[in-house]
Amino acid sequence: MKKTYIYIVCALAVVLLTGCGKNSGRTLTSATGSIYECLVVMPDRPLSQEVLTNIHLAIAEGSAYEEAVATTYDLVKAVMAADMPCMPQMEPYFTLSQVPTAAFDDYLKPTRNILFVDIDPNKYTQTKAKVSTNVWSKPQAVYRIQAPSDEDFAAYWLAHGEEVRDWFVRQELKRQTSFYRGSTNSKARAALQKTIGCDMWVPEDYMLIMDTLLTEQSLMEVRSLGRTIQLDGQVRLVWCCNNKGPMRRDLVIYAYDYTSEQMFTLDYLNAMRDHVLGQIISASVEGSYMGTEYKVFPPQGRVVPSLENKPDEGFYATEVRGLWKIKNGEAMGGPYVSLSRLDQANGRVVTAETFVFAAGQKKRNALRQSEAILYTLKMTYEQPNSPAK
């Protein structure tokens with residue numbers, strides 16, 4: 001009788017979820033909650049000593065598990081609410097709230113980001129995970145993890161927790177890019193196409209500040225690092241800025257000739273950033289210039305795919321996150337993110353960077369919103385109507 005009851009409940013759940021799908025014709029309500037907030041639906045119970053021992057053995061230096069983990073929810077919080085890297089103030093990846101499964105009612109179902117963890121030995125014999133979008137509202141991201149025991153869930157989370165977090169981040173970035181699509185700065189986009197040979201959805205409220213070619217020497221000294229790097233030809237540059245309200249957001253896109261794979265190393269990209277931005281950006285004090293913070297929070301780099309994860313799209317970029325600061329001038333600084341791509345048709349490296357300045361304010365959401373713009377970067381030959389595509 002018990003097995004029959006479970007079968008009926010599961011079958012009913014399938015019907016209900018199917019009715020919430022994209023093709024059901026049902027109009028979904030707008031998602032509730034703010035950007036980079038996530039509702040965690042799961043039990044919060046103490047972990048066994050065996051699980052805690054396994055967690056301790058799995059933790060490597062520099063991992064997300066820097067605070068004490070004692071419960072199932074602590075395990076999730078250690079990753080999802082970990083401090084973002086390279087930020088001037090401590091700010092988490094996500095602002096979390098947690099409820100047990102029994103409290104997950106119709107009022108909470110429209111939440112924009114939901115991590116649903118169901119741990120039940122009577123329902124599951126192995127751990128499974130599934131992602132869904134727009135289940136109860138739109139835009140919405142739902143990540144479901146089903147596990148037969150706390151031990152099984154802990155094993156899954158230790159192996160995939162950061163992947164889960166990254167999936168939610170990318171869902172937020174995708175939503176933001178969709179928002180930019182309908183209102184862009186045509187003048188800035190024309191400058192990008194003419195000067196660099198690329199396009200990006202620069203928002204309408206950004207102002208075009210600079211569209212230029214920087215004449216370079218074959219060998220140049222980078223002031224911030226006290227060393228030299230090789231560069232042939234010119235640097236093509238477009239600079240846009242949104243200086244409305246209490247927070248300033250800048251976009252700088254620059255391109256230079258590609259000569260070797262070394263140009264995509266973190267060391268080289270840092271040096272190019274210091275050289276290019278050090279030339280064009282300064283503060284009110286004469287002799288001041290923009291540099292990079294290397295001592296407290298050194299820049300971090302990694303390779304990222306497109307937000308759509310299409311294997312044939314060819315969008316793979318080197319992401320660099322760090323802190324900028326004004327040197328030889330005022331005490332000014334803030335976070336920045338850059339994406340660097342190879343323009344195969346023209347043999348150039350194209351770097352698109354956003355940096356934020358807002359003294360004393362939280363910057364996570366503003367930086368993430370600006371970061372989403374970088375993912376709209378496309379080379380001219382990648383456009384749908386391009387003959388070269």
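The values are calculated or read from the model by the stated rules, or taken from the named source; none is laboratory data. It should be emphasised that the depicted structure is a prediction, and the values quoted were computed from it without experimental measurement. Neighbour counts are summed over all protein chains in view; Cβ atoms, including those assigned to glycine, are modelled from backbone coordinates with ideal geometry. With ligands, DNA and RNA removed, areas are computed over all heavy atoms of the protein, side chains included. Shrake-Rupley method; radii C 1.70, N 1.55, O 1.52, S 1.80 Å.
Of all residues in the range 99-139 being more than 21 Å from TYR73 (Cβ to Cβ) and in a strand (DSSP E or B), which is least open to solvent (accessible area, probe 1.4 Å)?
This residue is SER137.
Return the pair list, or none, for Cβ contacts closer than 6 Å from residues in the range 171-192 that are farther than 24 Å from TYR381 by Cβ to residues that are among the β-branched types (Val, Ile, Thr), at least 6 apart or on different chains.
If the second residue must be among the β-branched types (Val, Ile, Thr), the pairs left are GLU172/ILE35.
Listed here are the residues, each with its yes/no results for (1) modelled with pLDDT under 95; (2) under 24 Å from GLN344 (Cβ atoms).
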site	(1), (2)
VAL276	yes, yes
ILE280	yes, no
ALA283	yes, no
GLU286	yes, no
LYS295	yes, no
GLY301	no, yes
ASP312	yes, yes
PHE315	yes, yes
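More than 30 Å from the chain's Cα centre (by Cα), at pLDDT 50 or above and farther than 27 Å from PRO139 by Cβ: which single residue out of THR4, THR72, THR53 fits that description?
Values: THR4 fails: at pLDDT 50 or above; THR72 fails: more than 30 Å from the chain's Cα centre (by Cα).
Only one candidate passes the filter, namely THR53.
Could you run through the range 196-208 and say how many residues are surrounded by 18 or more Cβ atoms within 10 Å (Cβ to Cβ) and in contact (Cβ under 8 Å) with a residue 60 or more places away in the chain? Give the derivation first.
Of the range 196-208, the ones surrounded by 18 or more Cβ atoms within 10 Å (Cβ to Cβ) are 196, 198-203, 206, 208.
Subset that is in contact (Cβ under 8 Å) with a residue 60 or more places away in the chain: 196, 198-203.
Final tally of qualifying residues: 7.
If TRP157 meets every condition in (1) open to solvent by less than 40 Å² (accessible area, probe 1.4 Å); (2) closer than 19 Å to ARG368 by Cβ; (3) touching a residue at least 60 places away in the same chain (Cβ under 8 Å) apart from one, which number is that one?
Tallying (1) open to solvent by less than 40 Å² (accessible area, probe 1.4 Å); (2) closer than 19 Å to ARG368 by Cβ; (3) touching a residue at least 60 places away in the same chain (Cβ under 8 Å), TRP157 fails exactly one: (2).
Rundown of residues vs (1) assigned to a helix (DSSP H, G or I); (2) on the phi > 0 side of the Ramachandran plot; (3) surrounded by fewer than 20 Cβ atoms within 10 Å (Cβ to Cβ); (4) at pLDDT below 90, yes/no style:
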{"residue": "THR177", "(1), (2), (3), (4)": "yes, no, yes, no"}
{"residue": "TYR180", "(1), (2), (3), (4)": "yes, no, yes, no"}
{"residue": "LEU192", "(1), (2), (3), (4)": "yes, no, no, no"}
{"residue": "LEU225", "(1), (2), (3), (4)": "no, no, yes, yes"}
